[in-house]
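For reference, the structure is listed below as structure tokens.
The values are calculated or read from the model by the stated rules, or taken from the named source; none is laboratory data. Because the structure is a prediction, the values reported are computed rather than measured. Don't worry about glycine lacking a Cβ; one is built from the backbone with ideal geometry, like all the others, and counts go over all protein chains shown. Surface accessibility is based on the protein's heavy atoms, side chains included, excluding ligands, DNA and RNA. Shrake-Rupley method; radii C 1.70, N 1.55, O 1.52, S 1.80 Å.
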Amino acid sequence: MKKRKIIHLLSVEPPDHFFNYEPEYFNSNFSSIEYTNIGDYPHWVGFFRADHHAVAAKELIKIHPEYDVECWRPYGNKITKVYKKSVDGIIHKVFPSRILHIPQIGHFTWSPEVLKELEKESAENEILLNISVGHLWFHMWLLFKLKKRNFPILCVHRSGGFKKFYYQRLSLLKKLIKPYYLLENIVEVSSIKNADFYYSGSMVEKEYMRNELNLNNVDFFMDGCDFEYFKPGGDKMLLREKLGLPKDKTILMAIGNFRSSDYGYDKLAECYKKVKELDSSIQLVMIGGYKSEDVYQIGLDAGCIMVERVSKDVLLDYYRASDFFTQALFNPLVIENGGFGSAMIEALACGLPVISNNIIHYPGSTEERAGIGMDMQTERDLVKNIISMKNNLESYKNCRLLAQKYFDIVNTRNVLANMYKELLKKYYAD
């Protein structure tokens with residue numbers, strides 16, 4: 001008898017710097033993983049519990065234990081065969097993939113092994129493929145290859161955006177040099193049309209796909225967080241003592257890597273210098289990068305407390321020890337395509353109001369949005385709004401409830417589960 005199987009596919013291989021560490025380093029400092037030792041470099045393959053597709057899979061089996069659930073990802077050209085491991089009742093598989101990097105053009109990846117395994121699974125079981133979309137060539141290639149499939153495909157946007165938006169932000173000279181951005185946009189749009197349904201975490205992207213691409217199988221969706229886990233709690237002063245944070249300051253927290261070329265928190269650090277000149281009672285704590293990244297020293301020089309990546313439990317302590325939160329992004333492409341952000345949801349769940357341009361992706365009303373925080377269109381706005389929020393924290397006392405209304409994982413996991421049910425019914429008899 002054929003099984004009903006939901007396959008969650010992450011479309012990106014692990015970054016190279018992961019292999020500078022031993023797997024136990026992740027377990028001790030970041031998030032829990034399982035791994036298999038192999039003989040040659042990279043010496044181990046990892047199965048990461050905190051990856052988007054793994055979190056979604058774990059939430060699914062809580063409400064639908066009757067499904068077989070698997071997590072797949074390409075692993076790059078560092079391995080030559082498929083590895084698999086059972087993690088928390090979910091089969092994880094990593095696949096060899098080919099990589100072609102052409103400077104100034106793109107990073108191309110594909111995996112015949114993934115395609116072969118999908119063909120095998122679709123012949124033996126009733127499967128549904130959930131693809132985590134990062135606007136990468138891997139899932140473009142895969143969607144074209146699966147155009148004549150006999151199983152449903154759901155795409156869930158996780159990061160990145162259509163190349164059209166990147167092209168629009170180029171200077172005139174670069175537009176002349178990089179017209180292939182528009183070609184890539186055409187290719188990706190064509191590939192996405194092969195999916196049965198597309199969930200976007202970006203309101204901007206959703207409107208583009210609905211209004212300009214005339215796609216009616218698109219909607220907004222953002223994974224929530226566990227509001228029973230992420231919530232206010234504990235004695236704030238005792239937590240600060242435990243974490244080595246000042247007890248006499250109002251603490252502003254930020255999460256993200258320490259690369260100026262990515263999150264761009266070098267601008268946040270510079271703004272913090274100006275904040276301190278106006279209000280010395282505010283302390284900025286940045287969490288989530290590495291000492292080797294350039295913003296680490298920039299932050300220290302600005303007077304920030306810089307904390308490398310920490311485990312989920314330690315991160316919860318930092319949320320509970322803080323007073324408010326910022327995801328201070330200024331790059332329009334990151335803002336428009338990056339979605340609301342999991343860290344902002346977790347902060348709100350812990351009762352911290354937020355300052356970020358990414359609140360444009362909050363799905364509630366304008367009045368509700370004003371209850372969770374503020375935007376910051378310019379660096380001057382960021383400085384002003386940090387001080388304003390610090391002096392008016394009581395105005396945001398309902399931020400947790402307003403976030404829970406739309407981002408409680410108890411509800412968001414049902415959105416995906418209901419879509420699975422609908423798509424399975426479309427392809428297979430009950």
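Given +1 at the Cβ of Lys and Arg, -1 at the Cβ of Asp and Glu and no other charges, the dipole of the chain around its Cα centre is 820 debye to the nearest 20.
For the chain, the relative contact order works out to 14 percent when only alpha carbon pairs closer than 8 Å and six or more residues apart are counted. Secondary structure note: in the chain, about 25% of the DSSP beta bridges are antiparallel.
Taking every C-alpha pair closer than 8 Å and separated by at least 6 residues, the mean separation divided by the residue count of the stretch 300-392 gives a relative contact order of 25 percent.
Here, P(r) means the percent of Cα pairs in each 10 Å bin from 0 to the largest distance; for the stretch 281-430 it is 10, 34, 34, 13, 6, 2, 0. Highest mean packing comes first when the peptides 151-161, 229-239 are listed by Cβ atoms within 10 Å, giving 151-161, 229-239.
Candidates 132, 172, 318 compared by Cα position along the dipole of the chain: farthest toward the positive end lies 172, with charges placed on Cβ.
Write down the accessible area per residue of the stretch 149-291 in Å², having rolled a 1.4 Å probe over the full set of protein chains.
Each residue of the stretch 149-291 exposes 46 Å² on average to a 1.4 Å probe.
Note on the stretch 116-221: Cα convex hull, mean projected area over all directions, 7.1 nm².
A 1.4 Å probe, protein heavy atoms only, puts the accessible area of residue 277 near 150 Å². The 1.4 Å probe gives accessible areas that order 176, 128, largest first, as 176, 128. Would the stretch 1-150 count as rounded, prolate or oblate if I go by the C-alpha gyration tensor, calling it rounded below 1.5 in a/c and otherwise prolate when a/b exceeds b/c, oblate otherwise? Oblate is the answer for the stretch 1-150, as a/c is 1.5 or above yet b/c matches or exceeds a/b.
Helices in the chain, meaning DSSP H runs of at least 4 residues, each add -39500 (n - 2.57). Divided by all residues, the mean residue ellipticity at 222 nm is -11500 deg cm²/dmol.
Averaging Cα coordinates gives a centre for the stretch 1-49 and one for the stretch 358-389; these two points are 36 Å apart. Checking every one of the trypsin sites (Lys or Arg not before Pro) in the stretch 1-97 against DSSP loop status and a limit of 16 other Cβ atoms within 10 Å picks out 2, 3, 81.
Convert 4 °C to kelvin, take the viscosity as 1.567 mPa s, use the Kirkwood radius over C-alpha pairs of the chain as Rh, and evaluate the Stokes-Einstein diffusion coefficient in µm²/s, rounded to a whole number.
Values: Rh = 22.9 Å.
So the translational diffusion coefficient is about 57 µm²/s.
The separation of the stretch 395-422 from the stretch 78-133, counted between C-alpha centres, amounts to 30 Å. How many angstrom lie between the Cα centre of the stretch 134-211 and the Cα centre of the stretch 243-313? The two parts, judged by their Cα centres, are 34 Å apart. Charges were assigned to the Cβ only: +1 to each Lys and Arg, -1 to each Asp and Glu. The resulting dipole of the stretch 72-154 about its Cα centre is roughly 260 debye.
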